[in-house]
1. Computed over the Cα atoms, what is the radius of gyration of the stretch 71-177 divided by 2.2 N^0.38 Å, N being its residue count?
2. Of all accessible surface on the chain at a 1.4 Å probe, what whole percent is carbon and sulfur?
3. Could you grab the relative contact order for the chain? Cα pairs under 8 Å, six or more apart, rounded to a whole percent.
4. What are the ³J(HN,Hα) values, in whole Hz, obtained from phi via the Karplus relation 6.51 cos²θ - 1.76 cosθ + 1.60 with θ = phi - 60°, for each residue of the stretch 59-70 in sequence order, with x given for Gly and Pro?
5. Mind listing the Cα extents of the stretch 136-177 along all three principal axes, in Å, largest one first?
6. If one takes the longest principal axis of the Cα atoms in the chain, at what angle in degrees, from 0 to 90 and to the nearest 10, does the Cα axis of helix 153-178 lie?
7. Say we join alpha carbon atoms closer than 10 Å with springs in a Gaussian network model of the chain; which of R206, R233, R110 then has the biggest fluctuation?
8. Output the relative contact order of the stretch 112-165, whole-number percent, from Cα pairs under 8 angstrom with separation of 6+ residues.
Amino acid sequence: MKFQSLYTNNQISQCRYGMSRLSFRGPAKSLAQPYVSFLGGSQTFGKGISIPFSERVEKRLGQTCVNFGVANASVDAFVNDPSILNLARDGAISVVEVTGAQNLSNRFYRVHPRRNDRFLQASTVLRALYPDVDFTEFDFTGHMLRTLRDRSRDRFEIVVTELQEAWTARMKTILDHLGQNVVLLWLRDEQLNDDVHCITKPMVTRLADHCIDVVEHKDEYGGGGLLSTDQHRDVGDSLAAVLRPLLK
């Protein structure tokens, strides 16, 4: 059996697929081909949303859409889970969300392998770079990075460069594993001016050769940087228009 229903949390069911230990947005879908797979973090998962954009695409196209979104996940969650990458590759097309670079392990710090927003440990290199910071105070990467940024912009830029390089390398690993049938989804918050996410347009542009298309959706996402119900609808409509000719 390739999928397993787990439980309902705040009226959102979650499930598992294959041998993965990750919990995905439910209900579990049949993996009989063809299907469109959606990989990403909280936006793809549809945190706090009854109908995420993957479901909108399914309704618009009449095509099974499997939501492999994981709340608070970064590229690390998928790089370290070949079971899910294989299932995504088995589908007709994969839609991959551009998640932030802050929630991945690198030479400066480690994050939780499944709950990627959780900060675990600073390396000796980061402690040497920031001897004036007590890293035991941090539970989440966002809090830690904002503190480092506010303490020293110059030193923070060294951390940003490391995160950007690590993110780009791992995204290329994911896209190469999935093959050429990939659409990259970049959800840009026009209101959010938060450099701890570390993603720039040149970084995304450099990935264009590894996929069919890049869908860029710019908007103001509001509290927590999450899409609203109306924005999930708009993103679903945009993706459906791009995917329809690709599925013929």
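1. Values: Rg = 15.0 Å, N = 107, 2.2 N^0.38 = 13.0 Å.
For the stretch 71-177, the normalised Cα radius of gyration is 1.15.
2. Summing carbon and sulfur atoms, their accessible area is 46 percent of the total for the chain.
3. Details: 454 pairs, mean separation 46.3, N = 248.
Worked out over the chain, it gives 19 percent.
4. Karplus-based 3J(HN,Hα) across the stretch 59-70 equals 5, 6, 9, x, 10, 4, 10, 9, 8, 9, x, 10 Hz.
5. 38, 24, 12
6. Computed tilt is about 30 degrees.
7. Answer for the Gaussian network model of the chain: R206.
8. Numbers: 28 pairs, mean separation 15.9, N = 54.
Relative contact order comes out at 29 percent.
The values are calculated or read from the model by the stated rules, or taken from the named source; none is laboratory data. Here the structure is a predicted model, which means the values were calculated and not measured. Note that each Cβ is placed from the backbone with ideal geometry, even for glycine, and that neighbours are counted across all protein chains shown. Just so you know, the surface numbers come from the protein's heavy atoms only, side chains and all, with ligands and any DNA or RNA stripped out. Shrake-Rupley method; radii C 1.70, N 1.55, O 1.52, S 1.80 Å.
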